[in-house]
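Scroll down for the structure; my scribbles are underneath it.
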Amino acid sequence: MTRESTFRPHRVVVLALDGLLPFELGIPHRIFGRPKDAEGRHLYEVVTCSVRPPGPVETDADFSIHVENGPEALATADTVIVPASYEMGPVFDEGVLTDELAAALARIRPGTRLASICTGVYVFAAAGLLDGRPATTHWAEAAHLQRLFPRIKVDPDVLFIDDGDILTSAGVAAGIDLCLHMVRRDHGSAVANEVARRTVVPPHRDGGQAQYIHRPVPEPQLATTTTARAWALGRLHEPIQLRDMAEQEAMSVRTFTRRFREEVGMSPGQWLTQQRVERARHLLESTDLSMDQVARDAGFGTAQSMRQHLQAALGVTPTTYRRTFRTGAADPVVTS
């Protein structure tokens, strides 16, 4: 059997519910609709469906959309994505699925990857799929989600959570972060980064949604940590001390650390590790450097240290990561 005859794009089915937000509905189509392989074939096929037969679905705007597929499309999905809706009724108010929605979800095959954007998480929560598992949603609804579903481990601070077969994102634009993460997980950083470039968004946002929650601030602060971060990114291969970063902003270590957390949503040490992991991923995908050299260039010092950090961050060893993404990293390309 030839490669051509065995190729099949990963099918992403987006469930459009009444009261949906058009922006969030469009995210999966924009992100998953970009990647192609070296032969020009789309790596994903994106299909939109409704819980009803084909027809109009109301949005939160002054227009409706016509959806061409009914719930039977869910049975064909490799990934199902549920964007937010403002008209979930008992799903949002009582944590109970409607008969129509329950029947639609029952069509999803076991093993299908599930993902939600913003309040779309309520659908999976009401179906009992998140009991005992971590999840997130828009920060404004996180407390309500936790009260309604106490068995879920709600994290209100992160942009998204990848729990293997179920992924959940925070509100609105965090859906872009989640979809880029899935592309990165499926095809590596090079493909995801190119999609991000063509979408004119950062391939990876620092911190979580905690930085977007409005909190009273005593006085406006003009000083930022931007210069220190740029300085550190230019020398990830070198040892970087917290006091060195603070000096770039002419701040005390204590003030710098506090300001850094306010801006980025994590400590300087956590941020440095995150950037070094991303640097190592890029080198593992795009070069033939030895593990020792990758570790030195990414700032981990030794291959053993890099192995420990990548295992903690990605769940795989550097060798496994390179084997998974190095072979195909040069093949897939992205077009707008």
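The values are calculated or read from the model by the stated rules, or taken from the named source; none is laboratory data. Since the structure is predicted, the reported quantities are computational estimates derived from the model, not experimental observations. Quick reminder, even Gly has a Cβ in these numbers, built from the backbone with ideal geometry, and neighbours come from all protein chains shown. These area figures cover heavy atoms from the full protein model, side chains too; ligands, DNA and RNA do not enter into them. Shrake-Rupley method; radii C 1.70, N 1.55, O 1.52, S 1.80 Å.
Just checking, does segment 311-319 include any residue being within 19 Å of the chain's Cα centre (by Cα), in contact (Cβ under 8 Å) with a residue 24 or more places away in the chain and assigned to a helix (DSSP H, G or I)? Looking for residues that are within 19 Å of the chain's Cα centre (by Cα), in contact (Cβ under 8 Å) with a residue 24 or more places away in the chain and assigned to a helix (DSSP H, G or I), one finds at least one in segment 311-319, hence yes.
Of the residues making up segment 261-300, those that are closer than 21 Å to A232 by Cβ, in a loop (DSSP other than H, G, I, E, B) and free of Cβ contacts under 8 Å to residues at least 60 places away in the same chain are S267, F300.
For residues that are over 15 Å from R30 (Cβ atoms) and open to solvent by less than 50 Å² (accessible area, probe 1.4 Å), scanning just segment 191-214, find the one that is modelled with the lowest pLDDT. Ranking the qualifying residues of segment 191-214, first place goes to I213. The condition of being open to solvent by less than 50 Å² (accessible area, probe 1.4 Å) and over 30 Å from P150 (Cβ atoms) holds for only one of V67, V82, that being V67.
When you go through L178, L129 one by one, which is the residue that is part of a loop (DSSP other than H, G, I, E, B) and either open to solvent by 40 Å² or more (accessible area, probe 1.4 Å) or at pLDDT 90 or above (or both)? The conditions single out L129. Figure legend. Inter-residue proximity from segment 41-60: first residues in contact (Cβ under 8 Å) with a residue 12 or more places away in the chain, second residues open to solvent by less than 40 Å² (accessible area, probe 1.4 Å) and hydroxyl-bearing (S, T, Y), beta-carbon distance below 7 Å, spacing 6+ or different chains. Indicated pairs: V57/S50.
Would you be able to say whether some residue in segment 105-112 is at pLDDT 90 or above and crowded, with 24+ Cβ neighbours inside 10 Å? Looking through segment 105-112, none of the residues is at pLDDT 90 or above and crowded, with 24+ Cβ neighbours inside 10 Å. Among residues belonging to segment 74-89 that are among the aliphatic types (A, V, I, L, M) and assigned to a loop (DSSP other than H, G, I, E, B), point out the one that is nearest to L105 (Cα to Cα). My answer is A77.
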